[in-house]
1. Take the residues of segment A:1-27 that are among the charged types (D, E, K, R) and more than 30 Å from A:ILE197 (Cβ to Cβ): which is modelled with the lowest pLDDT?
2. Is it true that some residue in segment A:224-231 is crowded, with 24+ Cβ neighbours inside 10 Å and of a type in the set (A, V, I, L, M)?
3. If you go through segment B:155-179 one residue at a time, how many are open to solvent by 20 Å² or more (accessible area, probe 1.4 Å) and of a type in the set (Phe, Trp, Tyr)?
4. Identify, from the list B:PHE342, B:PHE360, the residue that is assigned to a helix (DSSP H, G or I) and facing chain A (nearest Cβ under 9 Å).
5. Only residues that are at pLDDT 90 or above, among the polar types (S, T, N, Q) and surrounded by fewer than 24 Cβ atoms within 10 Å (Cβ to Cβ): list them for segment A:453-478, please.
6. So for segment A:260-282 (the condition being under 24 Å from A:ARG514 (Cβ atoms) and more than 22 Å from the chain's Cα centre (by Cα)), does at least one residue qualify?
7. Could you tell me which of the residues B:TRP335, B:TRP380 is hydrophobic (A, V, I, L, M, F, W, C) and at the interface with chain A (Cβ under 9 Å from one of its Cβ atoms)?
8. Can you pull out the residues in segment A:479-497 that are surrounded by 22 or more Cβ atoms within 10 Å (Cβ to Cβ), part of a helix (DSSP H, G or I) and either in contact (Cβ under 8 Å) with a residue 60 or more places away in the chain or not aliphatic (A, V, I, L, M) (or both)?
Number of protein chains: 2
Amino acid sequence: MTEVFSVGEPKAIDLSHHLSVIARARRPSPLKDLQRFFGKPGIIAMGGGFPSPLYFPFASVSAEGLVPESFPLTPNQTASSSNSAFSWLWKILGVPTKEKTTPLTVNKYPDQKDDLNLATALQYGLAHGLPQLQKFIEDFGARVYKPASKDVVYLVHHGNTDGWFKILMTLCNPGEGLLVAEWTYPSAMACMKPLGIKPVPLPIDEQGISSVGLRKVLAEWDEDSQGMARPHVLYTVPIGQNPTGATMGPQRKKEIYEICVEFDVIIVEDDPYYFLQLGEYLPKAQRSTNSGRAVSDEEYLANLTATFLNFDYQGRVIRLDSLSKIIAPGSRLGWFTCNPLFAERLERQAETTTQAPCGFGQTMVTSLLLHWKFDGYVRWLRALGAQYTERRDFLIDCFADEFQLEAALEHSGAWKGNTVYRAFSGRGSEKFRIMTEKAHPGVPMFSFVIPTSGMYIWMQLHLNHHPAFPDEAPAALEMKLWEQLALAGVLFSPGWMFSAETEQEDPVGGGHFRISFSHVSYDAMKGAVVVFGTEVRKFWTQR
Amino acid sequence: MTEVFSVGEPKAIDLSHHLSVIARARRPSPLKDLQRFFGKPGIIAMGGGFPSPLYFPFASVSAEGLVPESFPLTPNQTASSSNSAFSWLWKILGVPTKEKTTPLTVNKYPDQKDDLNLATALQYGLAHGLPQLQKFIEDFGARVYKPASKDVVYLVHHGNTDGWFKILMTLCNPGEGLLVAEWTYPSAMACMKPLGIKPVPLPIDEQGISSVGLRKVLAEWDEDSQGMARPHVLYTVPIGQNPTGATMGPQRKKEIYEICVEFDVIIVEDDPYYFLQLGEYLPKAQRSTNSGRAVSDEEYLANLTATFLNFDYQGRVIRLDSLSKIIAPGSRLGWFTCNPLFAERLERQAETTTQAPCGFGQTMVTSLLLHWKFDGYVRWLRALGAQYTERRDFLIDCFADEFQLEAALEHSGAWKGNTVYRAFSGRGSEKFRIMTEKAHPGVPMFSFVIPTSGMYIWMQLHLNHHPAFPDEAPAALEMKLWEQLALAGVLFSPGWMFSAETEQEDPVGGGHFRISFSHVSYDAMKGAVVVFGTEVRKFWTQR
């Protein structure tokens, strides 16, 4: 962390009043009485409905795992590593045979007692998963996140979407309100609403949730007029906010944490993009291919922004870590970091629903992590961040090639203090460069702030400048452009999906696209922006 | 199926009134509008937060999968395959190097477009999982279960515990009652109770839930005195009932189905032990080592008992299939078979909670199944059934060696029409044989019916014959014996865990042990019964 903040006395407080009716009703583990005998040498356990590992039809599983050094440590190396102007495009498309790998194998029966093995990993297991994975996560969490609370528990889950659902069932009762950013991850809301939990939108700025806005909502809460008690849970994606791409700095986190202490709110920090911290964007001309300063792993870790755990001296943060963006979404693996009271209830819930995460997935991922070790994993994370930085830079470059982009420091409103890029059509298909701090006489078609973390550009469409406005509402125009673009072969995400205010059936938010630079090839990104340029210009002449 | 039953007109009826408040509130898939463009050739999809497969750190995964012929087709072959009286004990302990395997490999990038591949399997996917697995399940379901309804959907889930939880959230509201066997799977209840759903116990006999009992409960339901509406969901484990081991025959299923039609009840058939149909037990002397008649796969499948799907002409059955007992519990994989209305709601629920099952698990299991094909899978299932038959027979043999067992046809009560084995201590450590139809002058310590399916012996302890009775309640005596046995090195499951009537905190059911023959080695089973013999005799002299 770049700055050190003083936090309160690191001491967990009694938070049991936050537990939902459902969480309170969960019974203790039915295995409690039996557990003290488990693993006792010589014990013959014939209580459980375990199949014999003899009948697991896998003698071993193996993998070719990529080496931690698979990608360069600094961005914009992929492009510069060849003399030919476009050969890096081929390089990034990736020929699988060129991947440098090491073999990993896990047998059904272990050579050494504590070795990873399928006889254990494919058996019914406790909901907290394989001990080897547990150990890796605990070590990683302690070294990287440095929680302020002395009393934190790490508990695996089936990915952050599953983790969030379990938190809802643990903390919230039907009819309660829940604090969310006004634009937020749609699955998080799609999961709340059927449970009768109502999103309470909070204003956001370039750092995500506004602390001023949060305090205002909480301080002015009127139970009678709102028809519900003051919310006691806050959901946030603080890094690479989904969909806006905003990054919440340490000072903002500290402010929000202190407001949550004051109003007794639990913070759920859903942080899948934490290691996709991308740094500032520089226009192509100002960018050195060797811009990535070679720093040590220690410096890299110290430069990562603080998490809410860093400020959590009371144990009121539940952090969700996911391997979806680090290893693969299909690993369906992540973990909670939280106080022991919540962790125990979350584990009980897992026992009667999902149980432990898939044994094949745990085996493969754990095997790779044990091979990589802490240092290898950090090497992988650093390179991954550099890859996403390069992808973000490339996509912005495409927009700068396709449109006339005007960069201006915003002096008011939600994006105050940030550089906003406005895109103008003006001169047909002619290509323009970024024009800095120069007022443009026309009206912009869209604008965005360049994200410093995550996977997304959050594009604001200036549909109030569209010739059909106000006869056609921005929401209708958004979908019209979205469909025109889709028919032309490019899919962005329409903004209505992310609105905390509205339902799909009645979109009024309108006027945004979320554009991901995470996965398509560089030439596809380039192609998509060209198609978008053609279609948006065409769209802007229609009415 | 051994008998053919006429069923009603195969036509799904409107069952939408069964959906819970939560299921009704789920929004349609937010991807609906986008999906029609997915997979269109040439489309550039930049909406989703997918990482590039380039960054999945696995170039390939592999496994040594067991061949379908790994175990003999008929029981009691393991023991007879050696001349030495005890060498089969060593054989069954299993030396992993002796497992006959075939190599399976799945690469990140497919050679052929439709090949299984990690780029797809480890990506975010639709909640219904990999298409290759979906296809295998559909084909298997249609050929093996032959549903009476023309309109069934197969949908993957994360194992039956997860599946059951999703069903509860889909069909039940807090405060409702739910029909269950009076002894039932504890996790099924542990999952209901926090949701405010109350188990309504049904009397059981040797075939599980009594149809007479079910009709009585439903017909005599009085909303006012019960304080809740008549239950509209029935939960049953019809084969190898957990914990009692009972098997529900086709006639009983048909009776129950028709009562459920009459009273508009949805049947949830949780059937993890379906392929562990073990046949009748024969005492060792009467058993031929070649007793297993060589039948064709067609005969084998035709001899499997009918499922509720066979009678379900209205679409009111949700069947839960699990791979936990077939492949491995750690696969966390199974599937629903049900009507499209319920399936759609279940899939929506998965989208915002667990999402698709783990990609590593799906890949490994699908890869094995595609290699085995339908015929190989059936071969595996047949042999697995034979192995469990052999294990059941061996455990019963151990009891017959250790105790004086009296077998008698029951003429009344819950076990009417069944052979009940009563165990007597009588003459100290002397060993006795099964005594058929001969009244014993003493009092039995315990009794059981030999299960014809599943993994468990459900032992009734005759604690009313214990010298401490009635000063000490059966529930207290049950735990006293359980603890004494555990300290002597043998773990059975205490009966209170399975009672639908009681909570763990206040066990009054008492007087049962569930004993699993599924996983410990043959010598451990033998040893456990000897220890049990010593301890139960000792226990019976204490007061």
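1. We begin by selecting, within segment A:1-27, every residue among the charged types (D, E, K, R); these are A:3, A:9, A:11, A:14, A:24, A:26-27.
Narrowing further to those that are more than 30 Å from A:ILE197 (Cβ to Cβ): A:3, A:9.
Details: A:GLU3: 48, A:GLU9: 78.
Ranking the candidates gives A:GLU3 first.
2. There is no residue in segment A:224-231 that is crowded, with 24+ Cβ neighbours inside 10 Å and of a type in the set (A, V, I, L, M).
3. Selection size over segment B:155-179: 0.
4. B:PHE360
5. A:GLN460
6. Yes, there is a match, as at least one residue in segment A:260-282 is under 24 Å from A:ARG514 (Cβ atoms) and more than 22 Å from the chain's Cα centre (by Cα).
7. B:TRP380
8. A:TRP482, A:GLY495, A:TRP496, A:MET497 - these are the residues of segment A:479-497 that are surrounded by 22 or more Cβ atoms within 10 Å (Cβ to Cβ), part of a helix (DSSP H, G or I) and either in contact (Cβ under 8 Å) with a residue 60 or more places away in the chain or not aliphatic (A, V, I, L, M) (or both).
The values are calculated or read from the model by the stated rules, or taken from the named source; none is laboratory data. Not measured: the values here are computed from a predicted model. Heads up, the Cβs are rebuilt from the backbone with ideal geometry, glycines too, and the neighbour counts pull from every protein chain shown. The area values use the complete protein model at the heavy-atom level, side chains included, leaving out ligands, DNA and RNA. Shrake-Rupley method; radii C 1.70, N 1.55, O 1.52, S 1.80 Å.
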